[in-house]
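Accompanying notes for the structure given below.
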């Protein structure tokens, strides 16, 4: 999903910048009607890219925490280390 957001954001930003470039290069009349939608599209694409990067960062952290935070289960026949209070049922 984050990769999809990155790709969609890049495409949207490029389309927005192309619209702005088209409006600026018209020599006969400056089309300000195209500048605003192009700018909004480009900024929306950048927001999508940012969301994708945040999503990728979240997934990396979640995977790292999952790998580091595994509970070690004792092998069959072995006892786990337990505090004396828990072993005596006083906890």
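Across the range 33-56, a minimum of one residue is classified as surrounded by fewer than 12 Cβ atoms within 10 Å (Cβ to Cβ) and modelled with pLDDT under 90. For residue 27, state whether it is exposed (fewer than 13 other Cβ atoms within 10 Å of the Cβ), under 29 Å from residue 2 (Cβ atoms) and modelled with pLDDT under 90. Against the criterion (exposed (fewer than 13 other Cβ atoms within 10 Å of the Cβ), under 29 Å from residue 2 (Cβ atoms) and modelled with pLDDT under 90), residue 27 does not qualify.
The values are calculated or read from the model by the stated rules, or taken from the named source; none is laboratory data. All values reported here derive from a predicted model rather than from experimental measurement. Here the Cβ is made from the backbone with ideal geometry for all residues, glycine too, and neighbour counts use every protein chain on show.
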